[in-house]
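Asks: Here you go, one structure.
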Amino acid sequence: MTAIKNEKAHAKTARPLAMGAAAALGGLALTIGGADAASAHVTIASDTDEAGAYSVLTFSVPHGCDGSATDKIAIQVPDEIDAVTPTRNPFYSVDVKTEKLDHPAKDSHGNEMTERDSEVVYKAKTPLPDDQRDTFELSLKLPDDAAGKTLHFPTVQTCEKGESAWVQVPAQGQDADDLELPAPEITITEPGADGEHPGDTAAKSADVDTAARGDDGQTPLTIASLVVGTLGLIGAIIALGRGRKKG
Ligand SMILES: [Cu+2]
């Protein structure tokens, strides 16, 4: 008899506990799943997004092309930017391609420019294995008058077998995360938006993509799943407490 009673009592407390745990696990899975999807493509992290600021953009290449190692990374520079300085990388030769400007322009030191940097090509000395990542940095001046604008850096990743052309630009109202091969992007903010002097803010990691996320990198999905998980847990604890009092 006692055994049956205990079992029933256990069942009474166990079920809410199991449900609470399931909700918590569900919340957690959502969190991890959401974060993984966004951060597994070629993306940009920047030390500032402010219009007119000098910024170092770090392009992350987290994997190869369908399992094949990467031979070459070619980053196209958007028209709004005339000059870039690549950080050298010992594993690659670096080549900055230029094109003629329609009209001569002034560089940031006031010198006349007739050509602009249009593409930066990193050629691997030894291929980057599919299960390793690498980063490529470009130092540049963000355009003065581009606050609120999203700049896209179409990037072609050539592999031992095949290629991944990260060149897709979202249509109006579309989210880059919905695209298969989104072009790495950065959204320019108002000068001073970082709340500190342009150029000296701590690097935003990124993994990940900057436009779609809020200030603290938490997506609405992440917050929702954390709430669900926590509620589940609280429910389970209350049920447990009630179960004990009855028992
Ligand atoms: Cu990916």
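The values are calculated or read from the model by the stated rules, or taken from the named source; none is laboratory data. Just so it is clear, the structure is predicted and the values come from calculations on it, not from any experiment. Positions of Cβ are backbone-derived with ideal geometry, glycine not excepted, and every protein chain shown enters the neighbour counts. Keep in mind that these areas ignore ligands, DNA and RNA; they rest on the heavy atoms of the full protein, side chains included. Shrake-Rupley method; radii C 1.70, N 1.55, O 1.52, S 1.80 Å.
Asks: Looking for something without any contact (Cβ under 8 Å) to a residue 60 or more places away in the chain, within 21 Å of the chain's Cα centre (by Cα), open to solvent by 50 Å² or more (accessible area, probe 1.4 Å) and over 30 Å from Asp178 (Cβ atoms) - is there at least one such residue anywhere in region 77-91?
Replies: yes
Asks: Now a separate question. What are the residues in region 101-131 that are modelled with pLDDT of 95 or more, exposed (fewer than 14 other Cβ atoms within 10 Å of the Cβ) and hydroxyl-bearing (Ser, Thr, Tyr), if any?
Replies: Answer for region 101-131, where residues must be modelled with pLDDT of 95 or more, exposed (fewer than 14 other Cβ atoms within 10 Å of the Cβ) and hydroxyl-bearing (Ser, Thr, Tyr): just Thr126.
Asks: Also, I was wondering about something else. Would you mind listing the strands (runs of 3 or more DSSP E) fully within region 5-100 where at least 3 residues are within 16 Å of the ligand (Cβ to nearest atom) and at pLDDT 95 or above?
Replies: 43-46, 54-61
Here is a yes/no grid of residues against (1) among the charged types (D, E, K, R); (2) over 19 Å from Pro154 (Cα atoms):
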{"position": "Ser55", "(1), (2)": "no, no"}
{"position": "Thr70", "(1), (2)": "no, no"}
{"position": "Asp82", "(1), (2)": "yes, no"}
{"position": "Thr85", "(1), (2)": "no, no"}
{"position": "Asp102", "(1), (2)": "yes, yes"}
{"position": "Gly110", "(1), (2)": "no, yes"}
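Asks: From Gln172, Gln168, grab the single residue that is within 21 Å of the chain's Cα centre (by Cα) and exposed (fewer than 14 other Cβ atoms within 10 Å of the Cβ).
Replies: Working: Gln168 fails: exposed (fewer than 14 other Cβ atoms within 10 Å of the Cβ).
Among Gln172, Gln168, only Gln172 is within 21 Å of the chain's Cα centre (by Cα) and exposed (fewer than 14 other Cβ atoms within 10 Å of the Cβ).
Asks: So is Lys149 in contact (Cβ under 8 Å) with a residue 24 or more places away in the chain and over 17 Å from Glu80 (Cβ atoms) or not?
Replies: Considered against the rule, which asks whether it is in contact (Cβ under 8 Å) with a residue 24 or more places away in the chain and over 17 Å from Glu80 (Cβ atoms), Lys149 comes out as no.
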